[in-house]
Amino acid sequence: MDELTERQRYLLTLIIHDYIQHAHPVGSKYLVNEFNLGLSSATVRNELSTLDEKGYLRQPHTSAGRVPTEDGYRYFVGHLLQNTELPSPTRHMIAHQFYQMPYDVEQWMRLAASILAQHSHAASVVTAPHPEEARFKHLELIQTRGRQVLMILVLQGGEVDQQYITLTEPVSQQQLSEAAQSLTNRLVNASADQVGHMALNLSGLEQDIARLVLQEMKSVNINPMGEVFLDGISHVLAEPEFVDSEDARMAIRSLEERSILRDLLVSSHPTSEVGGVQVLIGGEGTRDELRQCSLILTQYGVPGMVTGMLGVMGPMRMPYGRSISTIRFLSSLLSDLVEDTLTEA
């Protein structure tokens, strides 16, 4: 991309900030009066024409003001956006909300999605911490009725799998609790392969349960990510450029249909370290469903062991600075929480 002069960079920054806030094309006379530029409207108009030619701005129609293009947003995010942190009171408030909660990964995920949507005014996407290789942590067996039992399998990192299983014959709650405790003692921190080997040396109820545990752990290893939590879809639908928009429907469909969303997140998975932010603007020309959107993603967790993803999706006219700073802070906070769960193992 062509390099810009200091004045052009400043004008592009002003236009993008103003357009993000007001969603109206920005004209040269407005810039001069609103920001006391000390320049004539003609000088500013010439600079805006240059930014048009370079592909960073466009006019929706003749005599209208300018709006940023995809390349304009990319230049802004890559060169002009300053690294900022959330204000200290905001960070303390968010941290307090998390640390007040009981140990419950699902509640953490729902709270993170709510906070992201609130601070970015966009749709938030949070995936539960998912082990790169499933490792056993804890097992509970709860009698329901007859031969039906609720099996609760907790993996290292906090992922929880619950399912109803049917035993070959009725078993008392005491027998179930003893079997669950015995398996927890034997299998703690075991991989799927190790659970399979240990199951060969078990018998009766414990062997049956261990084989069911093995099936679930293999399923976790196959899945690319944990459960997905969404919030803030109404924020996207309320944006003026998405009212009665087919583009909005395509974007929302990509969020609401889990198979599409998982494919999108896996293919867009940030390759940088935990806390590193990836910004996809207009789908980067490869995702039709995102052609009018931006997607900001990062990882959290403990690399090589347990990781999840945080992201926001909204119109290209989104508050990038606030969204990125919120995502980075939540990534750090959730990483600490996940690491604590591993330390407790």
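Placing a label point 7 Å from the Cα of Ile142 along the Cα-to-Cβ direction, the residues of region 165-194 with a backbone N closer than 16 Å are 165-166, 173-174, 176-178, 180-181.
Here is how the number arises for the chain: DSSP H runs of 4 or more residues each give -39500 (n - 2.57), the sum is divided by the residue count, and the result at 222 nm is -15000 deg cm²/dmol.
How long is the gain from Asp336 to Ile165 if the chain were fully straight, where each residue apart is worth 0.36 nm and the alpha carbon distance is subtracted?
58.2 nm
Considering only alpha-carbon pairs that sit under 8 angstrom and 6 or more positions apart, the relative contact order computed for region 108-257 is 31 percent. Among the lysines, which fall within straight-line cross-link reach of Lys29, defined as a Cα-Cα distance under 27 Å, with same-chain neighbours fewer than 8 residues apart omitted? Those lysines meeting the cut-off are Lys54.
For the chain, find the longest principal axis of its Cα atoms and tell me its angle to the long axis of helix 88-100, 0 to 90°, nearest 10. It works out to around 20 degrees. Once the Cα atoms are used to define both axes, helix 173-187 deviates from the longest principal axis of the chain by about 70 degrees. Cα extents for region 1-133 along the principal axes, largest to smallest and rounded to whole angstrom: 61, 34, 26. With the Cα gyration tensor of region 1-49 giving a ≥ b ≥ c as the square roots of its eigenvalues, does the rule (a/c under 1.5 for rounded; else a/b larger than b/c for prolate; else oblate) give rounded, prolate or oblate? Oblate.
Can you give the net charge of the other residues whose Cβ lies under 14 Å from the Cβ of Leu167, counting K and R as +1 and D and E as -1?
0
Averaging 1/r over each pair of different alpha-carbon atoms in region 136-222 and inverting the result gives 12.8 Å, the Kirkwood hydrodynamic radius. Straightening the chain between Lys218 and Ser88 buys 42.5 nm, computed as 0.36 nm per residue apart minus the Cα-Cα spacing. Work out the FRET efficiency for His197 and Glu284 from their Cβ-Cβ distance, taking R0 = 45 Å, and round it to the nearest 0.05. Approximately 0.50, to the nearest 0.05. Among Pro170, Pro129, Pro303, the residue with the largest mean-square fluctuation in a Gaussian network model of the chain, with springs joining Cα atoms closer than 10 Å, is Pro170. Taking a straight line from the alpha carbon of Lys137, these lysines sit under 21 Å away, with near neighbours fewer than eight places off in the same chain left out: Lys218. So for the chain, averaging the separation of alpha carbon pairs under 8 Å that are six or more residues apart and normalising by length, what relative contact order in percent results? Taking the mean separation of contacting Cα pairs over the length of the chain, I get 19 percent. Each Cα pair of region 185-255 feeds into the Kirkwood radius, which the Stokes-Einstein equation turns, at 37 °C and 0.692 mPa s, into a diffusion coefficient of 207 µm²/s. With K and R counted +1 and D and E -1, the other residues having a Cβ less than 12 Å from that of Glu70 yield a net charge of +2. Largest first, the extents of the alpha carbon coordinates of region 306-345 on the three principal axes equal 44, 14, 7 Å. Going through (i) 31, 62, 8, 0; (ii) 27, 45, 21, 7, 0; (iii) 33, 57, 10, 0, the figure that equals P(r) over Cα pairs in 20 Å bins from 0, in percent as computed for the structure here is (ii).
In region 6-80, Rg over Rh equals 0.92, where Rg is the alpha-carbon radius of gyration and Rh the Kirkwood radius from pairwise Cα distances.
Among 3-10, 295-302, 236-243, 58-65, the peptide with the highest mean count of other Cβ atoms within 10 Å heads the list, and the full ranking is 295-302, 236-243, 3-10, 58-65.
Projected over all directions and averaged, the alpha-carbon convex hull of region 62-127 occupies 7.0 nm². One compactness figure for region 134-292 is 1.43, namely its Cα radius of gyration divided by 2.2 N^0.38 Å.
Mind giving me the FRET efficiency for Arg258 and Glu133? R0 is 22 Å, r the Cβ-Cβ distance, nearest 0.05 is fine. Efficiency, rounded to the nearest 0.05: 0.45. Between Asp247 and Glu3, what FRET efficiency comes out of the Förster formula 1/(1 + (r/R0)^6) with R0 = 25 Å and r the beta carbon distance, rounded to 0.05? With a Förster radius of 25 Å, E is 0.20.
Each of Met316, Met250 has some number of other Cβ atoms within 10 Å of its Cβ, and from fewest to most they run Met250, Met316.
Bear in mind these aren't lab numbers, they're just calculated from the coordinates by the rules spelled out. Keep in mind the model is a prediction, meaning the values are calculated, not measured. Note that we place each Cβ from the backbone using ideal geometry, even for glycine, and neighbour counts take in every protein chain shown.
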